[in-house]
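Engineer: Pasting a structure here, questions to come.
The values are calculated or read from the model by the stated rules, or taken from the named source; none is laboratory data. These numbers come from a predicted model, not from an experiment. Cβ atoms come from the backbone with ideal geometry, glycine included; neighbour counts cover every protein chain shown. We work out accessible area using only protein heavy atoms, side chains counted, and drop any ligands, DNA or RNA first. Shrake-Rupley method; radii C 1.70, N 1.55, O 1.52, S 1.80 Å.
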Amino acid sequence: DPQTGVFNPDLVLNYLRSLNQLDQSQRQQYYNFEQSIKKDQLNTKFNNLITKGYYFPTSLAEQLVKNSTNIAKVQFLAKDMSSVADSLITITDSDLKDYYNEHIDDYKLVEETRAIDYVVFEVVPSVKDRVETTEVVKELFQEFIAAKDPITFVNSVSDHRYDSTYYKESDLPLQIAQKVEAAPIGSFFEPYLDNEVFYIAKLIDKQFRPDSVLASHVLISFDGAQATTVTRTRDEAKKLADSLYQVINRTPSKLAEMARQFSDDQTAKENSGNIGWFADMTLPPEFNKAAIDAIVGDIQMVETVFGFHIIEISGKKNISRKYRVAIIDRSIEPSSATYQDYWTMASKFAAENTDLNSFTEAVSELGLNKRTFTGMDRMTNNIYDLQYPRQVVRWAFNEKNEIGSISPILDFEGKYVIAILTDIEKTGARDFEKVKNIIEPKVRDAKKSEYILNELKGINDFNQIAQKLNVTSETSDINFTLSVLGSRGRESKVVGEIFGMNAGEMKTIVGDRGVYVVKLVEMKTPETLANVERYRTQLTSAFTSKIYQNAVVRSLTNAADISESRHLFY
């Protein structure tokens with residue numbers, strides 16, 4: 001109920017009783033709404049079934065609270081792997097393969113991928129196209145001058161329809177803005193070229209107009225007007241509007257009372273008719289014209305597609321000279337002959353280059369720009385320089401194609417693309433050679449950590465270790481949940497081992513960026529665990545939130561044995 005903001009079942013019943021009187025689109029809109037409610041209720045019941053079966057143990061919540069509140073005070077030394085020169089270590093293929101075999105699960109592909117090289121023959125206008133377009137524009141200019149109805153003429157020949165907006169001089173194209181102030185109404189501006197587009201213009205009107213207007217109104221609508229459910233006829237609405245106009249015109253202060261009592265604009269009605277500031281040209285044209293033409297304090301009555309409006313103008317902002325200009329724009333476009341020329345070039349390239357070597361050599365000889373795209377999966381929807389590249393993806397994943405296959409000419413509406421398949425990676429462990437470069441830095445760091453550990457063999461005194469490594473110690477309070485080790489930043493593995501140590505114990509730990517010698521000074525533990533129940537409630541709420549964000553469907557999808565085939569059709 002717009003009056004109370006409370007659900008009113010009577011309004012629903014009244015709507016349903018009139019459902020058969022509505023047009024087909026409105027009825028279908030309701031039926032769709034009804035189905036969505038049913039589906040939403042079923043989905044809610046299913047999600048509730050999952051969330052009500054979830055329990056977060058108090059003991060686990062206590063442990064997580066300890067993790068966030070216990071503080072380990074440590075003294076530590078840090079030696080960066082980067083401080084060890086690369087020349088001091090040796091890495092062999094055997095070392096890399098050993099690491100690869102030990103961590104093979106880290107290098108598994110969940111989805112098949114493809115890699116391609118491709119060239120783009122982008123169709124651009126020829127010299128002949130430019131000359132012909134220039135001649136056409138010259139003819140259009142003469143026809144524009146002779147046209148009795150400039151707006152209809154613009155709509156019939158321009159790439160874009162007539163724009164009736166009044167613009168400030170600063171908002172017009174520079175070539176027009178430089179001339180428009182001194183030009184009389186009806187003046188024509190000769191064709192000019194800007195960014196491959198020809199423009200011709202005629203000054204239709206110039207006025208002093210505000211940027212925005214403050215107004216209030218009373219709307220009296222009628223059956224057949226837009227966005228209304230009232231049943232009064234137009235004649236009845238006109239009679240009521242005339243009466244209200246007479247009252248408000250005599251006593252403008254009564255507009256607020258009349259709006260609250262009679263207006264069919266519910267939003268403005270709640271504000272006593274006030275519609276606030278509105279920008280020029282944003283309301284229905286009849287309303288906008290009345291507001292612009294009137295002076296502040298005027299009362300106007302106009303009819304729009306929404307009904308009859310009694311309008312009071314309360315203010316205007318930023319009045320300045322503005323211009324309405326009819327503009328014809330014509331882009332320089334490639335002709336059908338030019339498209340055929342580029343198609344012939346692309347066809348010749350595809351026919352003469354049927355393998356990777358000839359493809360690469362031809363690209364170099366012809367001065368083409370070869371592009372590369374790797375890691376393409378079946379649902380890739382974004383490839384550099386190609387809008388809506390699904391046809392490339394479908395071709396790349398065609399089971400008949402193999403490495404070295406050349407695509408047919410792919411038409412991208414102004415671009416002809418030819419691709420070559422350069423790599424295919426199946427699901428499962430990636431080939432050693434393809435991850436060798438990724439593995440090498442990890443093996444290098446592991447070798448450097450071994451080098452540092454060898455330097456420390458036989459040294460058990462904290463200060464002697466500091467002297468040997470030529471580093472200074474740092475003392476820091478560590479929180480398990482944050483996993484930040486003082487100035488060293490995040491070192492999750494090191495922090496994890498610290499919380500398994502006893503007070504007074506010293507330990508050497510290999511971290512992500514260096515080797516650490518850590519001494520646990522003390523473990524600070526709160527006497528009581530506060531807010532355990534609140535924390536447990538928060539974690540339960542987080543789980544519930546995941547469920548309502550489609551986590552169950554994603555989980556079922558991942559667990560199901562589904563063969564992905566959308567790429568064959570989309």
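Engineer: Could you check the stretch 489-503 and list, in sequence order, the residues that are of a type outside the set (A, V, I, L, M, F, W, C), closer than 16 Å to Lys519 by Cα and under 41 Å from the mean Cα position of the chain (by Cα)? Steps first, please.
Structural biologist: Kept after step one, since they are of a type outside the set (A, V, I, L, M, F, W, C), are these residues of the stretch 489-503: 489-493, 496-497, 500, 502.
Now drop any that are not closer than 16 Å to Lys519 by Cα, which leaves 491, 493, 496-497, 500, 502.
Within the stretch 489-503, Glu491, Lys493, Gly496 qualify.
Engineer: Looking at Val120, Val124, can you tell me which residue is assigned to a loop (DSSP other than H, G, I, E, B), under 40 Å from the mean Cα position of the chain (by Cα) and β-branched (Val, Ile, Thr)?
Structural biologist: Working: Val120 fails: assigned to a loop (DSSP other than H, G, I, E, B).
Every option except Val124 fails the conditions.
Engineer: Could you pull out the residue among Ile116, Ile145, Ile71, Ile89 that is in contact (Cβ under 8 Å) with a residue 24 or more places away in the chain, over 30 Å from Ile403 (Cβ atoms) and either in contact with a helix residue (DSSP H, G or I) (Cβ under 7 Å, 6 or more places away or on another chain) or of a type in the set (Lys, Arg) (or both)? Give the steps one after another, and end with the answer.
Structural biologist: On the way: Ile116 fails: over 30 Å from Ile403 (Cβ atoms); Ile145 fails: either in contact with a helix residue (DSSP H, G or I) (Cβ under 7 Å, 6 or more places away or on another chain) or of a type in the set (Lys, Arg) (or both); Ile71 fails: either in contact with a helix residue (DSSP H, G or I) (Cβ under 7 Å, 6 or more places away or on another chain) or of a type in the set (Lys, Arg) (or both).
None of the others qualify; the one that does is Ile89.
Engineer: Right, next: Look at Ala72 and say whether it is touching a Gly at 6+ places or on another chain (Cβ under 7 Å) and more than 29 Å from Val552 (Cα to Cα).
Structural biologist: So Ala72 does not fit the description; no.
Engineer: Do any residues in the stretch 41-60 that are under 12 Å from Val552 (Cα atoms) have Cβ atoms under 8 Å from those of residues that are of a type outside the set (Ser, Thr, Tyr), where the two are at least six apart or on different chains, and which pairs are they?
Structural biologist: Close Cβ pairs (under 8 Å, with a partner that is of a type outside the set (Ser, Thr, Tyr)) amount to Phe46/Val552; Asn47/Ile547; Asn47/Val552; Ile50/Ile547; Ile50/Val552; Thr51/Phe543; Thr51/Ile547.
Engineer: Looking at the stretch 149-176, which of the residues that are polar (S, T, N, Q) and assigned to a helix (DSSP H, G or I) is farthest from Ile200 (Cα to Cα)? Let's see the steps before the verdict.
Structural biologist: Within the stretch 149-176, the first condition is being polar (S, T, N, Q), and the residues that meet it are 152, 155-156, 158, 164-165, 170, 175.
When the remaining residues are screened for being assigned to a helix (DSSP H, G or I), the result is 152, 155-156, 170, 175.
On the way: Thr152: 15, Asn155: 13, Ser156: 14, Ser170: 18, Gln175: 10 Å.
Across the stretch 149-176, the extreme among qualifying residues is Ser170.
Engineer: Looking only at residues in the stretch 549-570 that are in contact with a Lys or Arg (Cβ under 9 Å, 6 or more places away or on another chain) and open to solvent by 100 Å² or more (accessible area, probe 1.4 Å), which one is nearest to Asp40 (Cα to Cα)?
Structural biologist: Selected residue: Arg566.
Engineer: Taking the residues in the stretch 364-411 that are under 17 Å from Ala350 (Cα atoms) and without any contact (Cβ under 8 Å) to a residue 12 or more places away in the chain as candidates, determine which candidate is surrounded by the most Cβ atoms within 10 Å (Cβ to Cβ).
Structural biologist: Out of the qualifying residues, it is Asp411.
Engineer: Looking only at the stretch 366-400, filter to residues that are of a type in the set (D, E, K, R) and not in a loop (DSSP other than H, G, I, E, B); which one of those is farthest from Leu109 (Cα to Cα)?
Structural biologist: Within the stretch 366-400, the first condition is being of a type in the set (D, E, K, R), and the residues that meet it are 370-371, 377-378, 385, 390, 394, 399-400.
In the following step, the residues that additionally are not in a loop (DSSP other than H, G, I, E, B) were identified as 371, 390, 394.
Working: Arg371: 24, Arg390: 22, Arg394: 20 Å.
So, considering only residues that are of a type in the set (D, E, K, R) and not in a loop (DSSP other than H, G, I, E, B), the one farthest from Leu109 (Cα to Cα) is Arg371.
Engineer: Wholly within the stretch 208-322, which helices (runs of 4 or more DSSP H) include no fewer than the required count, namely at least 3 residues that are over 29 Å from Asp163 (Cα atoms) and either charged (D, E, K, R) or in contact (Cβ under 8 Å) with a residue 60 or more places away in the chain (or both)?
Structural biologist: Values: elements: 234-250, 255-262, 266-270, 285-293.
Ranges flagged: 234-250, 266-270.
Engineer: Further question: Take the residues in the stretch 119-145 that are within 13 Å of Glu333 (Cβ to Cβ) and acidic (Asp, Glu); name whichever of them is surrounded by the most Cβ atoms within 10 Å (Cβ to Cβ).
Structural biologist: Top of the filtered list is Asp129.
Engineer: Give the stretch 1-10 a look and list any residue that's in a helix (DSSP H, G or I) and charged (D, E, K, R), or say none. Break it down stepwise before answering.
Structural biologist: Here is the first cut: in the stretch 1-10, the ones in a helix (DSSP H, G or I) are 9-10.
Answer for the stretch 1-10, where residues must be in a helix (DSSP H, G or I) and charged (D, E, K, R): just Asp10.
Engineer: OK, next. Is it the case that Lys448 is under 30 Å from Tyr516 (Cβ atoms) and either open to solvent by less than 20 Å² (accessible area, probe 1.4 Å) or touching a strand residue (DSSP E or B) at 6+ places or on another chain (Cβ under 6 Å) (or both)? Reasoning before the result, please.
Structural biologist: Numbers: under 30 Å from Tyr516 (Cβ atoms): yes; either open to solvent by less than 20 Å² (accessible area, probe 1.4 Å) or touching a strand residue (DSSP E or B) at 6+ places or on another chain (Cβ under 6 Å) (or both): yes.
For Lys448, the condition - under 30 Å from Tyr516 (Cβ atoms) and either open to solvent by less than 20 Å² (accessible area, probe 1.4 Å) or touching a strand residue (DSSP E or B) at 6+ places or on another chain (Cβ under 6 Å) (or both) - is met.
Engineer: Same structure, new question: For the stretch 153-166, which positions are open to solvent by 80 Å² or more (accessible area, probe 1.4 Å) and either in contact with a Cys (Cβ under 6 Å, 6 or more places away or on another chain) or under 21 Å from Pro285 (Cβ atoms) (or both)?
Structural biologist: His160, Arg161
Engineer: For the stretch 94-103, which positions are farther than 14 Å from Asp431 by Cβ and surrounded by fewer than 14 Cβ atoms within 10 Å (Cβ to Cβ)? Walk me through how you get there before you give the answer.
Structural biologist: The initial filter retains those residues of the stretch 94-103 that are farther than 14 Å from Asp431 by Cβ, namely 94-95, 98-99, 102-103.
Ser94, Asp98, Glu102, His103 - these are the residues of the stretch 94-103 that are farther than 14 Å from Asp431 by Cβ and surrounded by fewer than 14 Cβ atoms within 10 Å (Cβ to Cβ).
Engineer: Restricting to the stretch 104-118, name every residue that is at pLDDT 95 or above and either aliphatic (A, V, I, L, M) or open to solvent by 90 Å² or more (accessible area, probe 1.4 Å) (or both).
Structural biologist: Listed by number, the residues that qualify are Ala115, Ile116.
Engineer: When both residues are 6+ apart or on different chains and their Cβ atoms are under 9 Å apart, which pairs have a first residue that lies in the stretch 438-451 and is more than 18 Å from Asp106 (Cβ to Cβ), and a second that is of a type in the set (S, T, N, Q)?
Structural biologist: These pairs meet every condition: Lys447/Thr90; Lys448/Ser82; Lys448/Ser83.
Engineer: Here's a follow-up. Restricting to the stretch 338-363, what's the tally of residues that are without any contact (Cβ under 8 Å) to a residue 60 or more places away in the chain and not in a loop (DSSP other than H, G, I, E, B)?
Structural biologist: 9
Engineer: Something else about it: Of everything in the stretch 11-62 that's part of a loop (DSSP other than H, G, I, E, B) and of a type outside the set (D, E, K, R), which residue is most open to solvent (accessible area, probe 1.4 Å)? Outline the logic, then answer.
Structural biologist: Just the residues of the stretch 11-62 that are part of a loop (DSSP other than H, G, I, E, B), to begin with: 18, 22-23, 53-57.
After this cut, where a residue has to be of a type outside the set (D, E, K, R) as well, the list is 18, 22, 53-57.
On the way: Ser18: 35, Leu22: 41, Gly53: 68, Tyr54: 71, Tyr55: 147, Phe56: 22, Pro57: 50 Å².
The extreme case among them is Tyr55.
Engineer: Applying the selection to the stretch 413-453, what residues are farther than 30 Å from Pro125 by Cα and assigned to a loop (DSSP other than H, G, I, E, B)?
Structural biologist: Going residue by residue through the stretch 413-453, those that are farther than 30 Å from Pro125 by Cα are 421-453.
Scanning the stretch 413-453 gives Lys426, Thr427, Arg430, Asp431.
Engineer: Those residues that are at pLDDT below 90 and surrounded by fewer than 14 Cβ atoms within 10 Å (Cβ to Cβ), I need them from the stretch 510-538; list them, please. Outline the logic, then answer.
Structural biologist: To start, the set of residues in the stretch 510-538 that are at pLDDT below 90 comprises 525-538.
Once the filter is applied, which keeps residues that are at pLDDT below 90 and surrounded by fewer than 14 Cβ atoms within 10 Å (Cβ to Cβ), the stretch 510-538 yields Thr525, Pro526, Glu527, Thr528, Ala530, Asn531, Glu533, Arg534, Thr537, Gln538.
Engineer: Given the conditions (1) part of a strand (DSSP E or B); (2) touching a residue at least 40 places away in the same chain (Cβ under 8 Å); (3) open to solvent by less than 70 Å² (accessible area, probe 1.4 Å), and given that Tyr192 satisfies all but one, which numbered condition is not satisfied?
Structural biologist: If we test Tyr192 against (1) part of a strand (DSSP E or B); (2) touching a residue at least 40 places away in the same chain (Cβ under 8 Å); (3) open to solvent by less than 70 Å² (accessible area, probe 1.4 Å), just (2) comes out false.
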